[in-house]
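The values are calculated or read from the model by the stated rules, or taken from the named source; none is laboratory data. Remember, predicted model here, so these are calculated numbers, not experimental data. With ideal geometry, Cβ positions are generated from the backbone for all residues, glycine too; neighbour counts draw on all protein chains shown. Calculation scope for accessible area: heavy atoms of the full protein, side chains included, ligands and nucleic acids excluded. Shrake-Rupley method; radii C 1.70, N 1.55, O 1.52, S 1.80 Å.
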Amino acid sequence: MPPELLHGDKGFDSDNSSGEFSEANHKVAEMLDLDPHQSSRTGKHNGETEIQENGIKRHRTSLPAPMFSRSDFSVWSILKKCIGLELSKITMPIVFNEPLSFLQRITEYMEHIYLINKACSHADPLERMQAVAAFAVSAVASQWERTGKPFNPLLGETYELTREDLGFRFISEQVSHHPPISAFYSEGLNKDFIFHGSIYPKLKFWGKSIEAEPRGTITLELLKHNEAYTWTNPTCCVHNVIIGKLWLEQYGTVEIVNHSTGDKCVLNFKPCGLFGKELHRVEGYIQDKNRKKLCVIYGKWTECLWCTDPTTYETYKKNEKRGGEQKKLKPSEDVIKSENDEADDMPEVQDTVQFIPGSKLLWRINCRPPNSSQMYNFTSFAVSLNELEKGMEAILAPTDCRLRPDIRNMENGNMDVASKEKERLEEKQRAARKERAKDEVEWQTRWFHQGTNPYTGTSDWLYSGGYFDRNFSDCPDIY
């Protein structure tokens, strides 16, 4: 496949067409570069980020204020009229949010970017697909126990993240409000990959649960290998939204296609079932263009992912059915129970992944900070996303999520102010929409344009380029 097709019309931004950063861009990268792997060594908050001896900036390890209790609030009074309906137009109290925008939640795909780097480094296409499959699973792992709702992005809202230590930069934009569509684009600083897509999460309330059906294509391009992979995320469901302990599961089939070789990875995110035996489990396989199975993948999206050859896997499964001895990866997890005994409660988690001898580890979830439960169950990576250092306002686009006053106040524990700011911003957005309708003016996206995904042929939002030139003079006033 020709490189120009893989790169798209724009390819990398003009500000880095030579493959090197200018002095100005070095300053920008230094200001935005945060390292989660060093987060355990400092507790600094906004504007106080320390610098290590190696020059990499340390990353805050906690939020400015602990999570606000939701125990005195009932979501039922809001949702009881919404059964079976699409929830994107329903205004929820801020107490059910987490202090991140959905654009920042999308950025959490990059937490395990080392898997993309692995894929780029492998000469064997099977090993590349294994790494890409692990990356696709890791992209949803941060949602584990994250029952707070991210803020709906305002139309025109953006988020950027540059990480020199991890070798990527990322930009996203809310390109549509109804329906809500978020577009994103990320590129390797070494020009080794491009990762992009558009997400349209369709939310529905089913009485006891809220289901988020993902729509939109995710594309990963490995430029060195002239390969493009596409997939769609599994469905996410939050249970016990009325009474009991909230719990989350992912289910559905994810197909990852290598459009260059014809290889395909089929991953089945299993629903928990009546007794919870399949909770969080992922099983699947990689096949070549002739549908020959090359390897089997198994694990849990909340824990780890392994692969083995099909013959070993089938032998193990046959032995398992006969009651043979099975070797567990580690001792059983503590049993987690719901607070009520209804059938829709969270089932017991009684085992972890059963290890099949000879398997290769593809990915393991990162440990969360010890105070994660007081920080909306954020990962260390997520804790950093809304950090606003001194001087960053002069660098960021005025539409960046970090500048949203409702999210900022919620993060700081000012819930009343945050709620009022949320209402003000929503009303400002409605007024702007009415004004455009009155003047018969259509909204113009700034950094993305609607087009066709070159690999799937489906509708997609594609990066127009130019964001990192940092000409923000015509950005809308949305805050």
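In table form, for the structure just shown:
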item: Qualifying residue in segment 29-39 (condition: assigned to a loop (DSSP other than H, G, I, E, B) and modelled with pLDDT of 55 or more); result: no
item: Test for Tyr455: is it in a loop (DSSP other than H, G, I, E, B) and more than 28 Å from Pro405 (Cα to Cα); result: yes
item: Pick from segment 276-298, criterion of a type outside the set (D, E, K, R) and open to solvent by 60 Å² or more (accessible area, probe 1.4 Å), ranking: farthest from Val266 (Cα to Cα); result: Asn290
item: Residue tally, condition over 16 Å from Gln250 (Cα atoms), part of a strand (DSSP E or B) and open to solvent by 20 Å² or more (accessible area, probe 1.4 Å), over segment 197-219; result: 0
item: Filter result (part of a loop (DSSP other than H, G, I, E, B) and open to solvent by 20 Å² or more (accessible area, probe 1.4 Å)) within segment 220-240; result: Asn226, Thr232, Asn233
item: Criterion: surrounded by fewer than 18 Cβ atoms within 10 Å (Cβ to Cβ), touching a helix residue (DSSP H, G or I) at 6+ places or on another chain (Cβ under 8 Å), within 30 Å of Ser260 (Cβ to Cβ) and not acidic (Asp, Glu) - qualifying residue of Gly451, Gly457, Gly466; result: Gly466
item: Subset of segment 409-424 (residues that are open to solvent by 10 Å² or more (accessible area, probe 1.4 Å) and either more than 13 Å from Pro150 (Cα to Cα) or of a type in the set (Phe, Trp, Tyr) (or both)); result: Asn409, Asn412, Gly413, Asn414, Met415, Asp416, Val417, Ser419, Lys420, Glu421, Glu423, Arg424
item: Only listed residue being at pLDDT 95 or above, more than 23 Å from Asp416 (Cβ to Cβ) and open to solvent by 40 Å² or more (accessible area, probe 1.4 Å), chosen from Glu127, Glu86; result: Glu127
item: Total residues in segment 366-376, condition open to solvent by 20 Å² or more (accessible area, probe 1.4 Å), touching a Pro at 6+ places or on another chain (Cβ under 9 Å) and in a loop (DSSP other than H, G, I, E, B); result: 2
item: Conditions (1) touching a strand residue (DSSP E or B) at 6+ places or on another chain (Cβ under 7 Å); (2) free of Cβ contacts under 8 Å to residues at least 24 places away in the same chain; number of the one not met by Ala123; result: (1)
item: Filtered residues of segment 377-410 (kept if of a type in the set (D, E, K, R), at pLDDT 95 or above and not in a loop (DSSP other than H, G, I, E, B)); result: Asp400, Arg402, Asp406, Arg408
item: Among residues of segment 242-265, those that are closer than 26 Å to Leu203 by Cβ and either free of Cβ contacts under 8 Å to residues at least 12 places away in the same chain or open to solvent by less than 20 Å² (accessible area, probe 1.4 Å) (or both), counted; result: 6
item: Extreme residue, surrounded by the most Cβ atoms within 10 Å (Cβ to Cβ), among residues of segment 433-444 that are assigned to a helix (DSSP H, G or I) and free of Cβ contacts under 8 Å to residues at least 24 places away in the same chain; result: Arg436
